[in-house]
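Input: a single structure, listed below in structure tokens.
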Amino acid sequence: MYNAEKRGKRQVLIRPASKVVVKFLRLMQAHGYIGDFEYVDDHRSGKIVIELNGRLNKCGVISPRYDLGHSEIEAWVARLLPSRQFGHIILTTSQGIMDHEEARKKRVGGKVLGFFY
């Protein structure tokens, strides 16, 4: 997705699709970094077609999924994001998949999935 955005493409195809990827994309869409996306069922693992809008500078996943307490969120923000004003780190918590700001408000920790800005 990042490579297609750099090349100026309007659409990108991602496979394989999963529930975690769909929730990650919903958060990106809610923050306005991507346009609409559509799940294409091919009777295998599925595909996702994403409309790009040119706002995405960088996105990535963090592997392995490191454990993260709510007190450590600020250190990860400084490590992964270029500025405190923009960008989001996505966490999977016991209360669902959310960005770091919502996790900080709810005072929950979890595992780091990825980031985008």
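The values are calculated or read from the model by the stated rules, or taken from the named source; none is laboratory data. The shown structure was predicted, so the numbers you read here are calculated from the model rather than taken from an experiment. We place every Cβ from the backbone using ideal geometry, glycine too, and count neighbours over all the protein chains shown. To get the accessible areas, we keep the full protein, side chains included, count just its heavy atoms, and leave off ligands, DNA and RNA. Shrake-Rupley method; radii C 1.70, N 1.55, O 1.52, S 1.80 Å.
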Of the residues that make up region 75-86, is at least one surrounded by 15 or more Cβ atoms within 10 Å (Cβ to Cβ) and of a type in the set (Gly, Ala, Ser)? no
Quick one: count up the residues across region 45-61 that are closer than 19 Å to Leu91 by Cβ and in contact with a Leu (Cβ under 7 Å, 6 or more places away or on another chain). 1
Residues being aliphatic (A, V, I, L, M) and open to solvent by 50 Å² or more (accessible area, probe 1.4 Å): count how many of those fall in region 1-44. 4
Among all residue pairs at least 6 apart or on different chains, which show Cβ distances below 9 Å where the first residue, located in region 55-70, is farther than 22 Å from Arg104 by Cα and the second is surrounded by 14 or more Cβ atoms within 10 Å (Cβ to Cβ) and hydroxyl-bearing (Ser, Thr, Tyr)? Arg55/Tyr33; Leu56/Tyr33; Leu56/Tyr117; Asn57/Tyr33; Asn57/Tyr117; Lys58/Tyr117
Of all residues in region 45-57, count the ones that are assigned to a strand (DSSP E or B) and open to solvent by less than 40 Å² (accessible area, probe 1.4 Å). 4
